[in-house]
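Undergrad: First, the structure itself, so that you have it in front of you.
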Amino acid sequence: MTSPSDRQLAYPSRHLAVKIAAGDFTEDQAQMAAATRLDDLIDRLCRCQSQNWVRKIFSLVQPVTGLYLYGGVGRGKTMLMDMFVNSLPIHTAAPKAWRLHFHDFMVLAQDSIHAARQAAAADPIEAAAEMLVARGRVICFDEMEVRDIADAMILARLFSSLLERGMTVVATSNRHVDDLYKDGLHRDRFLPFIDLLKSRCEMVELGAGVDWRSNVLASISTWYHPLNASTKTALDLAFKHVTDRQAVTSETIRVAGRDIIIAKVAGDIGYASFASLCDAPLAAR
């Protein structure tokens with residue numbers, strides 16, 4: 001059971017403030033403003049979850065309006081998403097959330113639709129939406145981007161079905177939602193999805209500011225050659241630097257039935273050999 005003080009700490013703005021106070025981060029007003037909007041979303045999700053019994057009695061599904069965070073690279077969008085997802089479990093009234101890179105979601109969506117077709121579902125997309133929403137009613141996308149007509153058409157129908165089932169979307173992107181699939185083939189067919197996303201997500205811009213990622217990367221080398229004990233030590237130090245010395249684990253990512261093993265993972269940074277990624281039989285996907 002969590003105490004009120006535990007819950008107070010479990011907000012993105014609080015996590016950010018603690019990091020700034022410790023000297024780990026430099027204060028960024030746009031980041032703090034976005035973190036505060038995520039705080040508010042957590043409160044709204046908890047209130048809605050606590051009223052679920054009323055919704056069930058009257059068969060009402062009123063999804064909580066989500067957030068769409070957009071801005072240039074290195075502005076901290078992924079960091080804020082991580083803080084949001086890590087905050088939710090501490091709030092006992094918060095609904096279950098799941099987080100994944102947008103590309104991985106599209107792979108999962110296509111696999112779910114294929115499975116529904118194999119099971120002779122009357123409407124494979126509706127069946128896939130049912131399977132996906134069962135994972136959690138808050139879905140968090142990192143780096144939302146739409147590049148081809150197939151993804152655009154799947155999204156238009158699938159998202160409508162997910163949102164009708166009460167799904168709340170939190171997304172990050174380098175583009176404003178109006179620029180998704182810009183100049184794409186048959187983009188007019190995709191525009192209703194953009195309107196739907198705008199109606200179900202508040203637009204939050206991390207405006208022009210410091211590119212923190214570039215600041216970090218600018219202080220380290222890009223190439224370490226030839227491969228010997230000296231360059232190996234230098235690369236290990238670079239890994240510690242870009243990961244801010246976070247706890248290191250290993251991770252196995254399963255994609256299309258194949259296991260991709262990342263030897264060292266800290267936060268959202270992976271350390272892997274060329275051979276483990278490119279010499280192993282991992283299939284095209």
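The values are calculated or read from the model by the stated rules, or taken from the named source; none is laboratory data. Keep in mind the model is a prediction, meaning the values are calculated, not measured. A quick note on method: Cβ atoms are made from the backbone with ideal geometry, for glycine too, and the neighbour counts reach across all protein chains shown. Surface accessibility is based on the protein's heavy atoms, side chains included, excluding ligands, DNA and RNA. Shrake-Rupley method; radii C 1.70, N 1.55, O 1.52, S 1.80 Å.
Undergrad: Express in nm, to one decimal, how much length is gained between Val255 and Asp43 on full extension, taking 0.36 nm for each residue of separation and deducting their alpha carbon distance.
TA: Difference between extended and current length: 72.9 nm.
Undergrad: Test of understanding: extend the Cα→C-beta vector of Arg14 to 7 Å, then name every residue of region 78-115 with backbone N under 19 Å from that spot.
TA: The answer is 80-97.
Undergrad: Can you pull the percent of the chain's accessible area that's carbon plus sulfur, 1.4 Å probe, other chains left in place?
TA: Exposed carbon and sulfur together represent 55 percent of the surface.
Undergrad: Helix-only estimate, please: 222 nm mean residue ellipticity of the chain, summing -39500 (n - 2.57) across DSSP H runs of length 4 or more and dividing by its residues, to the nearest 500.
TA: -14000 deg cm²/dmol
Undergrad: Mind pulling up the Rg/Rh value for the chain? Radius of gyration and Kirkwood radius, both on Cα.
TA: Looking at the chain, the ratio lands at 0.98.
Undergrad: Please calculate how many Å² of accessible area the chain carries per residue, with a 1.4 Å probe and no DNA, RNA or ligand atoms counted.
TA: 56 Å²
Undergrad: Provide the packing ranking of 268-280, 166-178, i.e. peptides ordered by the mean count of other C-beta atoms within 10 Å per residue, highest first.
TA: 166-178, 268-280
Undergrad: Could you point to the residue in Leu277, Leu235, Ala35 farthest towards the positive end of the chain's charge dipole, with +1 and -1 charges on the Cβ of Lys/Arg and Asp/Glu respectively?
TA: The residue sitting farthest along the positive end of the dipole is Ala35.
Undergrad: Once the Cβ-Cβ distance between Met203 and Leu227 is put in as r, and R0 is 45 Å, what FRET efficiency do you end up with, to the nearest 0.05?
TA: 0.45
Undergrad: Here's another thing I want to ask about it. Within the chain, how many lysine pairs that are 8 or more places apart, or on different chains, have C-alpha atoms less than 29 Å apart?
TA: Going through the chain pair by pair, I get 17.
Undergrad: Moving on. In debye to the nearest 20, how big a dipole does the chain give about its Cα centre with +1 on each Lys and Arg Cβ and -1 on each Asp and Glu Cβ?
TA: It comes to approximately 560 debye.
Undergrad: In debye to the nearest 20, how big a dipole does region 106-184 give about its Cα centre with +1 on each Lys and Arg Cβ and -1 on each Asp and Glu Cβ?
TA: Result for region 106-184 is approximately 220 debye, rounded to the nearest 20.
Undergrad: Where in the chain are the DSSP H helices whose C-alpha atoms run 18 Å or more along the long axis and whose mean Kyte hydropathy is at least -0.5?
TA: Taking the DSSP H segments of the chain (at least 18 Å long, mean hydropathy at least -0.5), we get 29-50, 102-118, 149-164, 229-242.
Undergrad: Using modelled amide H (1.01 Å from N, peptide plane; none on Pro or chain starts), what sits under 5 Å from the amide H of Phe25, excluding residues fewer than 5 places away?
TA: Under 5 Å from the amide H of Phe25 lie the amide H atoms of Ile20, each far enough along the sequence or on another chain.
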